[in-house]
Amino acid sequence: MSFNTFGHMFRVTTWGESHGPALGATVDGCPPGVPLTEADIQPWLDKRRPGQNKFMTQRVEPDQVRILSGVYEGKTTGTPIQLMIENTDQRSKDYGDIVQKFRPGHADISYHQKYGLRDPRGGGRSSARETAARVAAGGVARAALAQLLPGLSITGYMVQMGPHAIDRNRFDWDQISENPFWVPDAVAATHWADYLDDLRKNHNSVGAVIEVTARGMVPGLGAPIYAKLDTDLAAAMMSINAVKGVEIGEGMAAASLTGVENADEIRMGPNGPEFLTNHAGGILGGISTGQDVVVRFSVKPTSSILTPRQTVTMTGEEVDLITKGRHDPCVGIRAVPVGEAMMACVLLDHLLLDRGQTGAVRGQIG
């Protein structure tokens with residue numbers, strides 16, 4: 001069985017390996033007539049592209065996307081869109097030492113236990129390199145959303161690196177694109193740079209928490225029980241390489257609140273109901289309320305570090321291993337555009353599902 005596809009109406013299948021000739025995505029279900037060129041997708045891939053600064057892996061990939069099908073004269077045709085990104089800077093020799101050894105913290109051992117073989121070159125399909133295909137597919141989703149929900153914006157940013165969290169009182173949307181960490185806190189960005197530089201020089205890595213917010217949302221996306229919007233968002237974020245936890249709205253913190261504190265009270269505004277708070281993260285009963293949809297996910301520290309770690313070989317021998325190659329000291333940095341892409345794909349998918357079920361008809365209040 002194959003499990004390389006996600007989505008219901010807007011379906012994305014990713015393919016390719018970290019050190020193969022290319023990787024990409026097949027996007028099926030995009031509405032016809034959406035203006036789309038490679039230039040519409042490329043900026044999102046550039047945001048994720050490796051080698052942009054010292055805080056990223058120094059693998060240098062242009063990540064130039066090619067559209068091979070599904071677009072005619074600059075517009076989608078409604079048929080499958082094939083996207084391809086060539087790999088140009090593979091150094092498979094860096095992984096020669098791990099052919100018979102399992103890297104601690106990596107999927108090497110679980111892949112071998114399941115399939116009886118694995119691609120050791122950069123981890124194959126388990127590599128974060130696979131996420132380039134998701135970002136390309138997310139670019140298609142954003143183009144369609146721009147036509148169907150022109151007021152929608154999707155923005156990701158880091159809110160924590162290791163033990164260091166942002167100060168929400170200094171939150172500034174304009175700061176997100178002004179630093180290498182996509183952090184909305186200028187003071188935190190300065191401190192994080194020194195912190196991560198020290199970790200990098202000491203052959204170590206660190207985890208992070210990323211938040212993705214969809215502003216300009218409409219109510220009515222998602223459905224009860226098994227097609228909840230938050231269910232699919234959580235699954236989409238959890239499927240990203242290295243993600244170990246996902247929250248919607250208050251998330252785990254909701255457990256420490258009382259009912260009085262947690263309930264998002266409602267009043268009538270000039271354009272309809274208005275919520276006074278957003279502890280629910282813009283989703284109630286699995287259906288969007290029209291408030292901002294807020295999702296957070298945590299990524300673990302990069303397991304490939306130049307510090308010796310204990311492991312075993314294919315024959316069961318106990319050894320110490322140093323993982324060579326070029327790796328991110330904090331993979332959370334490049335996870336930001338990936339989270340944005342997954343949010344875009346899920347929102348478009350649910351928008352299309354809603355149009356099919358209800359025709360976008362809404363219950364009236366007031």
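Filter the stretch 12-34 down to the residues that are without any contact (Cβ under 8 Å) to a residue 60 or more places away in the chain, open to solvent by 60 Å² or more (accessible area, probe 1.4 Å) and in a strand (DSSP E or B) and list them by number.
Within the stretch 12-34, just Asp28 meets the criteria.
Can you tell which of Ala280, Ala236, Ala242 is crowded, with 16+ Cβ neighbours inside 10 Å, within 30 Å of Asp108 (Cβ to Cβ) and modelled with pLDDT of 95 or more?
Ala236
From the list Asn169, Asn179, exactly one residue is open to solvent by 30 Å² or more (accessible area, probe 1.4 Å) and out of contact with any Leu (no Cβ under 7 Å at 6 or more places or on another chain). Which is it?
Among Asn169, Asn179, only Asn169 is open to solvent by 30 Å² or more (accessible area, probe 1.4 Å) and out of contact with any Leu (no Cβ under 7 Å at 6 or more places or on another chain).
Is it true that some residue in the stretch 255-270 is closer than 30 Å to Leu196 by Cα and outside any loop (DSSP other than H, G, I, E, B)? Talk me through it step by step, then tell me what you get.
Of the stretch 255-270, the ones closer than 30 Å to Leu196 by Cα are none.
For the stretch 255-270, residues closer than 30 Å to Leu196 by Cα and outside any loop (DSSP other than H, G, I, E, B): absent.
I'm told Gly259 meets every condition in (1) open to solvent by 50 Å² or more (accessible area, probe 1.4 Å); (2) of a type in the set (Gly, Ala, Ser); (3) closer than 16 Å to Val212 by Cβ except one. Can you identify the failing condition by its number?
For Gly259, the failing item is (3).
Looking at the stretch 288-315, I want the residues that are at pLDDT below 95 and have a partner that is among the acidic types (Asp, Glu) and crowded, with 18+ Cβ neighbours inside 10 Å with Cβ atoms under 6 Å, at least 6 apart or on another chain. Which pairs are those?
Once the first residue is at pLDDT below 95 and sits in the stretch 288-315, its partners that are among the acidic types (Asp, Glu) and crowded, with 18+ Cβ neighbours inside 10 Å give Thr302/Asp328.
What are the residue pairs meeting all of these: first residue in the stretch 236-256, first residue in contact (Cβ under 8 Å) with a residue 12 or more places away in the chain, second residue part of a strand (DSSP E or B) and small (Gly, Ala, Ser), Cβ atoms under 6 Å, and 6 or more apart or on different chains?
If the second residue must be part of a strand (DSSP E or B) and small (Gly, Ala, Ser), the pairs left are Lys244/Ser298; Gly245/Ser298.
Name the single residue, out of those in the stretch 146-166 being open to solvent by 80 Å² or more (accessible area, probe 1.4 Å) and outside any helix (DSSP H, G or I), that is nearest to His350 (Cα to Cα).
Taking the candidates together, the pick is Pro150.
Being part of a helix (DSSP H, G or I) and open to solvent by 50 Å² or more (accessible area, probe 1.4 Å) is the filter; apply it to the stretch 113-145 and report the residue that is modelled with the lowest pLDDT.
Taking the stretch 113-145 first, the residues part of a helix (DSSP H, G or I) are 113-115, 124-126, 128-145.
Imposing the further condition that a residue be open to solvent by 50 Å² or more (accessible area, probe 1.4 Å) reduces the set to 113-115, 125.
Details: Gln113: 90, Lys114: 88, Tyr115: 87, Arg125: 82.
Checked the stretch 113-145; the qualifying residue modelled with the lowest pLDDT is Arg125.
One residue is enough: does the stretch 79-92 have a residue meeting the conditions at pLDDT 95 or above and polar (S, T, N, Q)?
Yes.
Show the residue pairs that are 6+ apart or on different chains and have beta-carbon atoms under 7 Å apart, the first residue being within the stretch 178-199 and free of Cβ contacts under 8 Å to residues at least 40 places away in the same chain and farther than 16 Å from Asp328 by Cα, the second being among the hydrophobic types (A, V, I, L, M, F, W, C) and exposed (fewer than 13 other Cβ atoms within 10 Å of the Cβ).
Short answer, once both residue conditions are applied: Pro184/Trp173.
Could you tell me which of the residues Thr76, Thr37 is of a type in the set (Ser, Thr, Tyr) and either at pLDDT below 90 or open to solvent by less than 50 Å² (accessible area, probe 1.4 Å) (or both)?
Thr76
Counting just the residues of the stretch 347-359 that are surrounded by 13 or more Cβ atoms within 10 Å (Cβ to Cβ) and touching a residue at least 24 places away in the same chain (Cβ under 8 Å), which one comes out nearest to the chain's Cα centre (by Cα)?
For the stretch 347-359, the residue satisfying everything is Leu347.
Return only the number of the condition from (1) more than 24 Å from Gly332 (Cβ to Cβ); (2) of a type outside the set (S, T, N, Q); (3) in contact with a Pro (Cβ under 6 Å, 6 or more places away or on another chain) that Tyr157 does not satisfy.
(1)
The values are calculated or read from the model by the stated rules, or taken from the named source; none is laboratory data. Since the structure is predicted, the reported quantities are computational estimates derived from the model, not experimental observations. Positions of Cβ are backbone-derived with ideal geometry, glycine not excepted, and every protein chain shown enters the neighbour counts. What goes into the accessible areas is simple: the full protein's heavy atoms, side chains included, and nothing from ligands, DNA or RNA. Shrake-Rupley method; radii C 1.70, N 1.55, O 1.52, S 1.80 Å.
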